[in-house]
Amino acid sequence: QVQLVESGGNSVQAGGSLRLSCAASGSIFSINAMGWYRQAPGKQRELVAAITSSGTTNYADSVKGRFTISRDNAKNTMYLQMNSLKPEDTAVYYCMAMGLLLYWGQGTQVTVSS
């Protein structure tokens, strides 16, 4: 089992920045890739960014150039640096880990006001 705990969500104005963290515990050795998803009210959950165990990253077109995903393996923590935030980035952000199973965190709210 893998447990994921997100933190860092907050309310900011458009153009601002936030950094989300996802701390992993449990069967860390089984994790191959991790990622951030988000879900806005009335919309489906969508991939924001992902990172493999070797460091390969992938981003949604809507966040390229603004968001940066990273991981600190020594701390078992993944980050999402979000810059130039827009109101359309408002959503609950979820941490995901892919190992033997798919694991999810509880989510953290990001609200961007215009």
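Read-outs throughout are calculated quantities, based only on the coordinates presented, and are distinct from any laboratory measurement. Just so it is clear, the structure is predicted and the values come from calculations on it, not from any experiment. So basically every Cβ, Gly included, is an ideal-geometry build from the backbone, and we count neighbours across all protein chains shown.
Using Cα pairs under 8 angstrom and six or more residues apart, how large is the relative contact order of the chain, in percent? Could you put the intermediate results ahead of the total?
Numbers: 279 pairs, mean separation 42.2, N = 114.
Value for the chain: 37 percent.
Between ASP61 and SER11, 0.36 nm times their residue separation minus their Cα-Cα distance comes to what? Don't jump to the answer; show the numbers that get you there.
Working: separation 50, 0.36 × 50 = 18.00 nm, distance 2.30 nm.
Value of the extension gain: 15.7 nm.
Under a Cβ-only charge scheme (Lys and Arg +1, Asp and Glu -1), can you give me the dipole magnitude of the chain about the Cα centre, in debye to the nearest 20?
60
Could you give log10 I(q)/I(0) at q = 0.11, 0.20, 0.21 Å⁻¹ for the range 22-114, computed by the Debye formula over C-alpha point scatterers of equal weight, without solvent?
Each listed q maps to, in turn, -0.30, -0.96, -1.05.
Modelled label-to-label distance, SER70 and SER54, 7 Å Cα→beta-carbon offset: nm?
My value for the distance between the label points is 2.2 nm.
So which lysines can LYS43 reach, going by Cα to Cα under 19 Å and dropping same-chain residues fewer than 8 places off?
Within the straight-line limit of under 19 Å, LYS43 reaches these lysines: LYS86.
How many percent of DSSP beta bridges within the chain run antiparallel, rounded to 5? Present the calculation step by step, with values, prior to reporting the outcome.
Details: 40 of 43 bridges.
So the antiparallel bridges amount to about 95 percent of the total.
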